[in-house]
Amino acid sequence: MSDIIPKTQWIKTWSEHSVGWIQLCHDNKLNPLSAAFILAIKNAAQKYDNDSSIGCIVIIGSEKAFAAGADLKEMVKLNYASVSESRYIENGWLEISKIQTPMIAGVRGYALGGGCELAMMCDFIIANDDAKFGQPEINIGAIPGAGGTQRLIRSIGKSKAMLAILTGDMISADEAENCGLVAKVFKNQDFDSSLKNIAVKIANQSKPLAKLAKQAVNVAYETTLEEGIRSERALFYSTFALDDHVEGMEAFSEKRKPVWKNK
Ligand code: CO8
């Protein structure tokens, strides 16, 4: 993987009101995720994660698709030896799920296969009402490989995840919202402004507090309830060491909005 050159020309990045935006804009509007494309996305996300002015990262795609999965034109050339030797789904993919800054997937159109997996690596998904999610790998001679079998079950439960993974059928935006895969669905005319409002609101929270809250929630994915409660308590105690904890408490008693120092 080290010889792969990130396809930076397929992403647009800009920041506004402390939100770092990453738009996937492959010439093919379906945003097929090749190894070089994923590396570019990972690099952009890591750059924002290391930028103290950024409090929320949003990944969006085109009007047609967030991403329609792994690049099948690349994948068709691979074999067992090449995927395992090149660590096909490790460099890039694994680091995206380690980003500490809150990260939102804004999904219009298709989020399939690796595209659905990329969206699920974000902290939550906001969908346009035309969004379609799915893990159709079984139809093309594979199974989900970038967390689909693990994250989908945790967000929609075993029955619905099995149904989606074994049939390869797509899940509509409304159904995705009803079963908890998507946090909120907006009508097309409201999607951009609503997504932006949510991102700006998160970006303007205390940045260290938002990162601690994200870390605490993510522990629930990885451990037992008892261990998670222990971890949450330790993280909660650590908020008392922040200037922003003092500021939040003082602002409440003085009936004013807190002015975060982000430390
Ligand atoms: N990869 C590469 N090219 C693609 C992909 C893809 N995933 N999806 C579509 N394309 C190409 C088509 O080949 C076509 O190219 P061309 O014009 O050269 O023939 C062009 O995009 C337009 O596609 P369609 O004509 O099919 O467009 P439609 O609007 O009719 O249909 C669909 C859109 C429904 C999205 C359809 O294209 C489709 O089903 N695509 C494949 C979806 C899929 O199977 N995704 C899962 C891929 S496997 C996967 O993600 C495994 C993840 C493992 C981890 C990730 C490792 C990197």
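The values are calculated or read from the model by the stated rules, or taken from the named source; none is laboratory data. Everything numeric in this text was worked out from a predicted model, so none of it was measured. For neighbour counting, all protein chains shown are included, and Cβ atoms are generated from backbone atoms with ideal geometry for every residue, glycine included. Surface accessibility is based on the protein's heavy atoms, side chains included, excluding ligands, DNA and RNA. Shrake-Rupley method; radii C 1.70, N 1.55, O 1.52, S 1.80 Å.
A count restricted to segment 241-263 and to residues that are assigned to a loop (DSSP other than H, G, I, E, B), open to solvent by 50 Å² or more (accessible area, probe 1.4 Å) and within 17 Å of residue 207 (Cβ to Cβ) stands at 8. Determine whether segment 61-81 contains at least one residue that is within 15 Å of residue 24 (Cβ to Cβ), surrounded by fewer than 17 Cβ atoms within 10 Å (Cβ to Cβ) and either in the same structural domain as residue 37 (by TED's automatic domain parsing) or more than 15 Å from the ligand (Cβ to nearest atom) (or both). Within segment 61-81, one or more residues are within 15 Å of residue 24 (Cβ to Cβ), surrounded by fewer than 17 Cβ atoms within 10 Å (Cβ to Cβ) and either in the same structural domain as residue 37 (by TED's automatic domain parsing) or more than 15 Å from the ligand (Cβ to nearest atom) (or both).
Looking at segment 141-164, which of its residues are hydrophobic (A, V, I, L, M, F, W, C), assigned to a helix (DSSP H, G or I) and open to solvent by 30 Å² or more (accessible area, probe 1.4 Å)? Steps first, please.
Pass one, segment 141-164, residues hydrophobic (A, V, I, L, M, F, W, C): 142-143, 146, 152-153, 156, 161-164.
This time we only want the ones that are assigned to a helix (DSSP H, G or I), so: 152-153, 156, 161-164.
Matches in segment 141-164: 153, 162, 163.
Pairs meeting the criteria (first residue in segment 178-202 and on the phi > 0 side of the Ramachandran plot, second residue in a helix (DSSP H, G or I), beta carbons under 8 Å, at least 6 apart or on different chains) are 180/155; 180/156.
Out of curiosity, is residue 104 within 11 Å of the ligand (Cβ to nearest atom) and either farther than 30 Å from residue 206 by Cα or part of a strand (DSSP E or B) (or both)? Spell out how you get there, then give the answer.
On the way: within 11 Å of the ligand (Cβ to nearest atom): no; either farther than 30 Å from residue 206 by Cα or part of a strand (DSSP E or B) (or both): yes.
Against the criterion (within 11 Å of the ligand (Cβ to nearest atom) and either farther than 30 Å from residue 206 by Cα or part of a strand (DSSP E or B) (or both)), residue 104 does not qualify.
Checking the condition at pLDDT 95 or above, open to solvent by 70 Å² or more (accessible area, probe 1.4 Å) and not β-branched (Val, Ile, Thr), which residue from 222, 227 passes? Walk me through it before giving the result.
Values: 222 fails: at pLDDT 95 or above.
Answer to the check: 227.
Residues in segment 107-117 that are near the ligand (Cβ under 7 Å from one of its atoms) and either assigned to a loop (DSSP other than H, G, I, E, B) or polar (S, T, N, Q) (or both): 113 alone. Out of 125, 138, one residue alone is open to solvent by 30 Å² or more (accessible area, probe 1.4 Å) and either of a type outside the set (Gly, Ala, Ser) or assigned to a helix (DSSP H, G or I) (or both). It is 138.
Of 97, 84, which residue is more than 9 Å from the ligand (Cβ to nearest atom), at pLDDT below 95 and crowded, with 17+ Cβ neighbours inside 10 Å?
On the way: 84 fails: crowded, with 17+ Cβ neighbours inside 10 Å.
Matching residue, one of 97, 84: 97.
In the set 144, 102, 136, which member is touching a helix residue (DSSP H, G or I) at 6+ places or on another chain (Cβ under 7 Å) and touching a residue at least 40 places away in the same chain (Cβ under 8 Å)?
On the way: 144 fails: touching a residue at least 40 places away in the same chain (Cβ under 8 Å); 136 fails: touching a helix residue (DSSP H, G or I) at 6+ places or on another chain (Cβ under 7 Å).
Among 144, 102, 136, only 102 is touching a helix residue (DSSP H, G or I) at 6+ places or on another chain (Cβ under 7 Å) and touching a residue at least 40 places away in the same chain (Cβ under 8 Å).
Exactly one residue among 38, 89 is part of a helix (DSSP H, G or I), in contact with a Gly (Cβ under 6 Å, 6 or more places away or on another chain) and either open to solvent by 40 Å² or more (accessible area, probe 1.4 Å) or farther than 28 Å from residue 262 by Cβ (or both), and that residue is 38.
Scan 156, 125 and give me the residue that is in contact (Cβ under 8 Å) with a residue 24 or more places away in the chain, away from the ligand (no atom under 12 Å from the Cβ) and over 25 Å from residue 20 (Cβ atoms). Give the derivation first.
Working: 125 fails: over 25 Å from residue 20 (Cβ atoms).
The conditions single out 156.
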